[in-house]
Every structure is written in C-alpha cells, then in structure tokens.
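Notes to accompany the following structure.
Derivation of every value follows stated rules applied to the coordinates shown; laboratory data play no part. Here the structure is a predicted model, which is why all the values come from computation and not from measurement. Heads up, the Cβs are rebuilt from the backbone with ideal geometry, glycines too, and the neighbour counts pull from every protein chain shown.
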Amino acid sequence: MTPAETTDDSADDVTRVAVSTVIFSLRREPATDAPSLVLPLVRRTRDPYEGLWALPGGWLDVAESLDAAASRTLSETTGLAPSYLEQLYAFGATDRSPSRVVSIVYWALLRADAASTELIDRTKDAPDNVAWFDAASLPRLAFDHNEIVDYALWRLRNKVGYSRIAHGLLADEFTLADLRDVYESILGRRLDPANFRRQVENSGTLIPTDRFRTGSHRPARLYRYNRDVELAERGPLSVRH
C-alpha cells in the first residue's frame, strides 16, 4: 500500500480528502538502552515523490467516518493498531500536492512492545516498504509531511504536561523510571529523577501496586494510572525546568 495523495487524471479538477496518521512509539537504542521517540513511515512507490518516505494514510471512503478511515488506512499501510488515536489538524494548502488534496491528520500512540511485534509481523514479507524513524532526525518526506510531524510533536509535548497522554506509550503497569523515560523522550531533555518522583507521587494520578519488577538492580515498584482522577490544566506534572 502507498500513502494517500497519489494523484490520477480524474482527480485533477476536484478536491479530494485523505486521512493520514502520525503514530509515535518508543524504541530503546541497543548501544545505550536510552529510549527515543520513533514513528513509522511508508515508502512511496509512484509519483509524485516516488521513493520518498511519507506518513501512512489513504483516501477517505464516502461511506465511512473520519475515525474509521484513520484506523483502516493505518492498518492497511502498516498493520498497526494504536493504543491512542486523536484527530490532529486539517492540512489543505493549495500547493501541497499536484492536485488539490485536503488531509485530515490524526496522531496516535503505540506501546513499545506492540510496535516491535506488530511491525515485524507486518513487514517481514516487504521489509523495505515500512520502517521506523527517529522523530527528531527525519529525512526529507513527501508532500508537507515534515511540517505535519513537527506540528504533531509540538502538540504531544504540550499535552504531556497536563494530561495522561503518556499512558498511551506505557503498559498497564509500569515503574516510575518507565514513566520518566516517556516524559524525557517526548520532551527531548533529561528530568531530575528525585523531583520527578516527588511530582508524580504527589499528583494523585498513580496507584502503587503490590508488584515489583526485579532484575539486576533493586526491585522497582509497579504503578498504574488512577482512572478516577483527572489532571488539572496546569497540574503537578507540568515538568517545568
């Protein structure tokens, strides 16, 4: 499958609607074990922009909702099923495609384990068509997709401070170090572990479980989100400098 915005002669004089998705996940670098924010891209197989990477997407069917189209096109192009999906913005500049295309863009989150498993399963027969890229160092993408990713990153970084959006990148149970990794990957900077622990423990948004993660280090308590508590607009997880 190729991303949306592939043109044909019949579409030259009409406005078409496409749906694309920016889907973020976390990947640990093998050399450092440090997590980074990554996203999958699909290589275009025809003009315009043949050979360039682009966001996964497709045309909106007249019989489906926007949400349904976002889920369908993401599944068709990458095989991925996100844990969080939200409409981001509409991009409709007249010069963004050779024919007039308005893209309804969604952004999504995928838990790291699911990202690894689902993408491997999807791409083992066509490994060159879909690949993960570091969100902070993307190549030149087709159309205006670099601009779209930049906007999605800005939205994610703003939202992580006052919502539970980080949960979309975590398992149901997680350590405070796991949670801090998510924040650091999204914000692109290190956070003081002691200050971060104090903020999240005082926020009332986490519930400690009786379970621990064991390994080479001291056992780490597992937490889960308190679904009955909503963060204030500028709550204690604003992670300011």
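What does the C-alpha gyration tensor say about the overall shape of the stretch 167-225? Classify as rounded when a/c is under 1.5, otherwise prolate if a/b is larger than b/c, or oblate.
rounded
When only C-alpha pairs under 8 Å and at least 6 residues apart count, what is the relative contact order of the stretch 167-225, in percent?
For the stretch 167-225, the relative contact order is 39 percent.
Report ³J(HN,Hα) in whole Hz for each residue of the stretch 49-61, in order, from the Karplus equation J = 6.51 cos²θ - 1.76 cosθ + 1.60 where θ = phi - 60°; Gly and Pro get x.
6, 4, x, 7, 8, 8, 5, x, x, x, 6, 6, 7
If R0 is 51 Å, what FRET efficiency do you get for ARG224 and ASP95 from their C-beta distance, rounded to 0.05?
For R0 = 51 Å, the calculated efficiency reads 0.60.
Using the Karplus curve 6.51 cos²θ - 1.76 cosθ + 1.60 with θ = phi - 60°, work out ³J(HN,Hα) for each residue of the stretch 26-43 in order, rounded to whole Hz, and write x for Gly and Pro.
10, 9, 8, 6, x, 6, 10, 6, 7, x, 9, 7, 10, 8, x, 10, 10, 7
Rounded to the nearest 0.05, what FRET efficiency do GLU50 and TYR162 have when you use their Cβ-Cβ distance and R0 = 35 Å? Numbers along the way, then the final one.
On the way: r = 42 Å, r/R0 = 1.19.
With R0 = 35 Å, the Cβ-Cβ based efficiency is 0.25.
If R₀ is 35 angstrom, what is the calculated FRET efficiency for the pair THR32 and VAL62, using the beta carbon separation as r and rounding to 0.05?
The value I calculate is 0.15.
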